[in-house]
Amino acid sequence: MLTTLRIKNLALVEELTLELAPGLTVITGETGAGKSMLIGALNLVLGERADRTLLRAGCEQCVVEAVFEVGQLRAPLKALLEENGLEPCEGGELLLKRVFTAAGANRQFINGSPAALAILAELGQWLVDIHGPHDHQSLLHPARQLELLDAFGRLEPQRQAFAEALRRRQELLSARAALIVDERTYAQRLDLLRHQVREITAARLQPGEEETLAAEHARASNAARLAELAQGALEALAESDEAALSRLGAVGRALQELQRLDATAAPLAVAHQEAVERLQELQRELRHYADHLDLDPGRLQELEERVNLLHSLRRKYGATVEQILEFGRQAAQELQQLEQRDVELERLQRELAEVEKALKRAGAELTRLRQQSIPRLCRAVAAQLKDLGFKESRLEATLATGEAVEAATLSGLDTVEFLFAPNPGEPPRPLRAIASSGEMARVMLAIKTVLAEEDRVPVLVFDEVDANVGGETARAVGEKMAHIARRHQVLCITHLPQVAAAATHHYRVTKETVGGRTVTRIERLDKKGRIEELTRMLGGGTAARRHAEEMIQP
């Protein structure tokens with residue numbers, strides 16, 4: 001759900017923070033107070049193109065932020081964020097931010113990371129449906145209508161089965177395409193793979209050999225210098241007149257005399273003996289090291305050839321021995337498949353035929369279940385429409401089914417179109433062709449009421465649902481919104497007191513002049529404030545106040 005909406009420098013809004021809760025939230029206020037700016041802000045943060053004329057006069061930039069609680073969101077949000085290199089949601093919160101400037105620059109952020117505008121728009125389809133005179137209305141799209149029809153019919157398992165079969169078909173087609181090439185290309189590919197496999201196999205690479213080879217090559221390359229240094233160290237230690245061990249003999253004699261004259265000097269003699277033993281051990285180790293230095297030019301040449309071979313393989317097949325070996329494994333697998341091309345093609349063709357049969361069966365079953373669901377859905381929506389003032393309207397749905405699996409989508413072989421006839425004697429027309437925003441919003445409200453349990457979009461926003469509505473129909477609108485709000489967070493901008501009275505939370509938008517500038521304010525109303533606002537909406541006066549008090553009684 002939407003928990004926070006922050007707006008800065010958007011039209012009449014200087015700075016505004018709206019904290020929202022579950023349930024039905026209504027927003028009321030005088031015409032022109034700025035209620036529509038809330039819808040505009042949501043549209044911006046959900047990926048709509050920015051209109052610089054909305055920037056508050058005299059300001060350099062506009063900022064809109066929205067925080068959504070997404071712990072229960074049934075959409076592949078985590079995968080989308082990972083695929084686009086965006087930060088994950090912390091604490092189950094998704095933070096969207098949109099900034100646009102007077103110079104025309106646009107920036108958008110998701111969880112603090114810069115993001116493309118298209119990603120915001122994709123998220124918006126999962127998070128919010130805005131119904132009214134705005135473009136963000138997912139129910140107008142046939143693909144969304146098909147999804148809702150399936151939700152009503154509880155056909156998600158059948159959709160998933162079809163989608164899995166379609167993905168498997170695509171995998172098999174790709175594998176077959178890789179095998180079906182012209183003979184010249186086929187022969188060239190075989191030669192290349194055989195050469196690659198032979199070259200990698202002949203190298204007899206061992207995981208981790210790079211480090212040991214490099215170390216041995218470095219020693220062999222510098223063997224003469226290493227021998228020279230080791231011999232020099234031996235001479236300085238024990239093999240010359242001025243060697244360290246020779247000098248330590250004189251030190252030992254002096255310490256023995258010192259100990260004879262002063263017994264407390266005994267630890268010094270012990271320390272001397274330990275030093276002598278350590279240097280003698282060093283002498284033995286140095287001699288062992290020098291004796292085992294390999295000065296064989298032939299071995300050096302072998303090592304250089306191995307290093308050059310490894311360098312060549314790394315340049316062609318991978319940066320490490322492990323990557324080269326993996327390349328060889330994959331090349332050997334592809335080579336085996338190509339060498340058995342006819343057998344593999346026959347196997348792929350058999351499996352492809354089986355998968356396409358399964359696809360047709362799954363598609364036909366989806367079509368059958370959808371055809372059964374359409375009349376039930378239309379009757380349920382029609383019943384809701386009667387309560388909303390469409391006494392003799394009707395909703396229909398046309399289902400078109402394709403036979404070719406080549407034209408299938410992940411949702412099946414069908415396309416659907418919702419049609420609506422608001423008045424008797426009129427032919428039904430596609431929802432997108434409905435001219436009246438009030439009619440459109442009420443149709444959407446009826447559909448949303450029927451699909452309240454199945455619809456996955458968590459936040460619904462209704463604007464102008466009260467156009468040309470009054471009396472009992474207005475009360476029905478409020479009741480249906482309250483019903484939907486049991487499963488969704490609902491925001492409604494309304495001029496109808498009957499709708500406002502059904503709210504869980506009530507906000508009032510006002511505008512005032514501060515420092516010579518007009519500023520839009522919004523406040524959450526307590527019970528007293530709600531009575532005052534409903535009284536205003538009812539026309540004012542004592543009778544209106546009594547009516548307002550009655551309307552919000554539990």
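The values are calculated or read from the model by the stated rules, or taken from the named source; none is laboratory data. In this text, all values refer to a predicted model and were calculated from it rather than measured experimentally. Note: ideal-geometry Cβ built from the backbone for every residue, glycine included; neighbour counts use all protein chains shown.
Give the residues of the stretch 72-94 that are more than 12 Å from L127 (Cα to Cα) and crowded, with 17+ Cβ neighbours inside 10 Å, sorted by residue number.
Those that are more than 12 Å from L127 (Cα to Cα) and crowded, with 17+ Cβ neighbours inside 10 Å: L81, L86, C89.
Which one of these is surrounded by 24 or more Cβ atoms within 10 Å (Cβ to Cβ) and hydroxyl-bearing (S, T, Y): T473, T504, T494, T510?
Going through T473, T504, T494, T510 in turn, the sole match is T494.
Check whether at least one residue in the stretch 389-401 is closer than 28 Å to K448 by Cα, free of Cβ contacts under 8 Å to residues at least 12 places away in the same chain and small (G, A, S), and report yes or no.
Checking the stretch 389-401: not a single residue is closer than 28 Å to K448 by Cα, free of Cβ contacts under 8 Å to residues at least 12 places away in the same chain and small (G, A, S).
Any residue that is over 20 Å from Q170 (Cα atoms) and of a type outside the set (G, A, S) - is there at least one of those in the stretch 349-364?
No, the stretch 349-364 has no match at all.
Have a look at S36, S113 and point out the one that is of a type in the set (S, T, Y) and modelled with pLDDT under 85.
Just a single option satisfies the conditions, and that option is S36.
Scan the stretch 244-267 residue by residue and report those that are without any contact (Cβ under 8 Å) to a residue 24 or more places away in the chain and either touching a Ser or Thr at 6+ places or on another chain (Cβ under 7 Å) or within 27 Å of A233 (Cβ to Cβ) (or both).
S246, R247, G249, A250, V251, R253, A254, L255 - these are the residues of the stretch 244-267 that are without any contact (Cβ under 8 Å) to a residue 24 or more places away in the chain and either touching a Ser or Thr at 6+ places or on another chain (Cβ under 7 Å) or within 27 Å of A233 (Cβ to Cβ) (or both).
Taking the condition assigned to a strand (DSSP E or B), in the same structural domain as Q108 (by TED's automatic domain parsing), of a type outside the set (D, E, K, R) and within 29 Å of the chain's Cα centre (by Cα), does L42 pass?
Considered against the rule, which asks whether it is assigned to a strand (DSSP E or B), in the same structural domain as Q108 (by TED's automatic domain parsing), of a type outside the set (D, E, K, R) and within 29 Å of the chain's Cα centre (by Cα), L42 comes out as no.
With (1) in contact with an Asp or Glu (Cβ under 8 Å, 6 or more places away or on another chain); (2) more than 20 Å from F390 (Cα to Cα) as the list, and A476 as the residue in question, which single condition is left unmet?
(2)
Please determine, by comparing only the residues of the stretch 30-55 that are among the basic types (K, R) and surrounded by fewer than 19 Cβ atoms within 10 Å (Cβ to Cβ), which one is nearest to F109 (Cα to Cα).
Among them, the one singled out is R49.
Run M444 past the list (1) at pLDDT below 90; (2) in contact with a Leu (Cβ under 9 Å, 6 or more places away or on another chain); (3) surrounded by fewer than 17 Cβ atoms within 10 Å (Cβ to Cβ) and report the number of the one that doesn't hold.
Only one criterion is unmet by M444, namely (3).
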